[in-house]
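Before any comments, here is the structure.
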Amino acid sequence: MSQPKVFVTRKIVQAGLDRLQNEFDVEIWEDAAPPSREVLLEKIRGCHGVLTMLSEKVDDEFFEAAGDQLKVISQYAVGYNNIDVEAAKKRGIAVGNTPGVLTNATADMAFALLIASARRLIEGDQYIHNGNWKSWEPLGHIGWDLEGKTVGIVGLGRIGETFAKRCQGGWDMKVLYTSRSPKPEAEQKLSAVRVEFEELLERSDFVSVHCDLNEETKGMFNAAAFERMKNDAIFINTARGGIHVQPDLVQALKTGQIGAAGLDVTDPEPPSLNDEILQLANCLVAPHIGSATTSTRNNMAEIAIDNLALGIDGKPLRCSVT
Ligand code: NAP
Ligand code: GLV
Ligand code: GLV
């Protein structure tokens, strides 16, 4: 019997590639850059499953191009805002993602951005490389303390809670949060307090975004939100670039409306080299690497390929978003 046909939109870890080659009639997109839309639609024709990254728009046009035999979209990420899940449901196409296994790595990334922003680490590194370091400076490179501060978490889900645990347990921070539903367990364990968004903005020394990108959260960090924040607040976003309005963030950083920002996500991704977000000394930008550790990426591959195989067999996925 012929193997099911699968398209994979980028190279993944070797163990994953080996398994894909064994189990499917697979084509893997080898370039570091994603396939163009035109090429993507061409490549998925006749596929039973597609392993996607967050850069691929999966919508009716995509499903039409693939054909009726398509059974499953397996997203190599936990976030799936690039996928029209309702359209998939209508067509009976399963959609899987990779939750849980990337929680620690992404929470660590948020913390790395926070501490690096607070202690102006990248500025310091560039200062040395540019030949400017002459002596120990009693007045140079002054940053922020973390201990005992108030952190506001927008979206106390898996990653938000794990980040909060690090802040509360390690640095004795007070935790405020917003969420669609209350989180009584986290409130108990972390003494976290659920507040309205506006109150969180006004009271937090550090604000970290951990909600998914959805209709409600799109652009929620706009000029009005930054205006409510403290002038020395640090804004951290490891969730999705679309949750902040980037020109408004640039303005807030330029005018001292807020103190600094650490971003693992931008809008768009990647930003163009002349994007103002890359020209600010008080903004640290990482190339969307929250889940980029060896074991995390291996675990993501395992789940994503399980999802692919199960979906093609018409069985319930290991991690389904529907
Ligand atoms: P999760 O467990 O589903 O957490 C998301 C949380 O956001 C949920 O608790 C949800 O609240 C909350 N939320 C949704 N809409 C909200 C709103 N309007 N206001 C406040 N809170 C809201 O997901 P996760 O595994 O922690 O992942 C979170 C996100 O991180 C992903 O969707 C993805 O975009 C991003 N991510 C980025 C990286 C990276 O590489 N930088 C890696 C992994 C994930 P309820 O619980 O009440 O529904
Ligand atoms: C990465 O951004 C993810 O959603 O897993
Ligand atoms: C700094 O290096 C100090 O010893 O305080």
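The values are calculated or read from the model by the stated rules, or taken from the named source; none is laboratory data. Bear in mind the structure is a predicted one, so any value in this text is a computation, not a measurement. When we count neighbours, we look across all protein chains shown, and the Cβ atoms used for this are built from the backbone with ideal geometry, even at glycine. Just the protein is used for accessible areas: all its heavy atoms, side chains included, with ligands, DNA and RNA removed. Shrake-Rupley method; radii C 1.70, N 1.55, O 1.52, S 1.80 Å.
Are there any pairs, at least 6 apart or on different chains, whose C-beta atoms fall under 7 Å, with the first in the range 75-99 and closer than 23 Å to residue 241 by Cα and the second modelled with pLDDT of 95 or more and acidic (Asp, Glu), and if so, which?
79/212; 81/212; 82/56; 84/59; 84/60
When you look at residue 265, is it within 12 Å of ligand 2 (Cβ to nearest atom) and over 15 Å from the mean Cα position of the chain (by Cα), yes or no?
no
I'm checking my understanding of the structure. Among residues of the range 13-53 that are touching a residue at least 40 places away in the same chain (Cβ under 8 Å) and open to solvent by 20 Å² or more (accessible area, probe 1.4 Å), which one is nearest to residue 266 (Cα to Cα)?
For the range 13-53, the residue satisfying everything is 53.
Could you please tell me which pairs satisfy a Cβ distance under 6 Å, a separation of 6+ or placement on different chains, a first residue in the range 280-299 that is on the phi < 0 side of the Ramachandran plot, and a second residue that is open to solvent by 50 Å² or more (accessible area, probe 1.4 Å) and within 11 Å of ligand 1 (Cβ to nearest atom)?
That search, which allows pairs on different chains as well, returns nothing.
Answer yes or no as to whether residue 263 is open to solvent by less than 40 Å² (accessible area, probe 1.4 Å) and within 26 Å of residue 141 (Cβ to Cβ).
Criteria met by residue 263.
Here are some conditions: (1) within 16 Å of ligand 2 (Cβ to nearest atom); (2) of a type in the set (S, T, N, Q); (3) without any contact (Cβ under 8 Å) to a residue 12 or more places away in the chain. Residue 130 meets all but one. Which one does it not meet?
The one condition residue 130 does not meet is (1).
Is it true that residue 255 is within 16 Å of ligand 2 (Cβ to nearest atom), within 26 Å of residue 277 (Cα to Cα), among the hydroxyl-bearing types (Ser, Thr, Tyr) and out of contact with any Asp or Glu (no Cβ under 9 Å at 6 or more places or on another chain)?
No.
Please go through the range 99-124 and pick out each residue that is open to solvent by 80 Å² or more (accessible area, probe 1.4 Å) and charged (D, E, K, R).
Listed by number, the list holds a single entry, 119.
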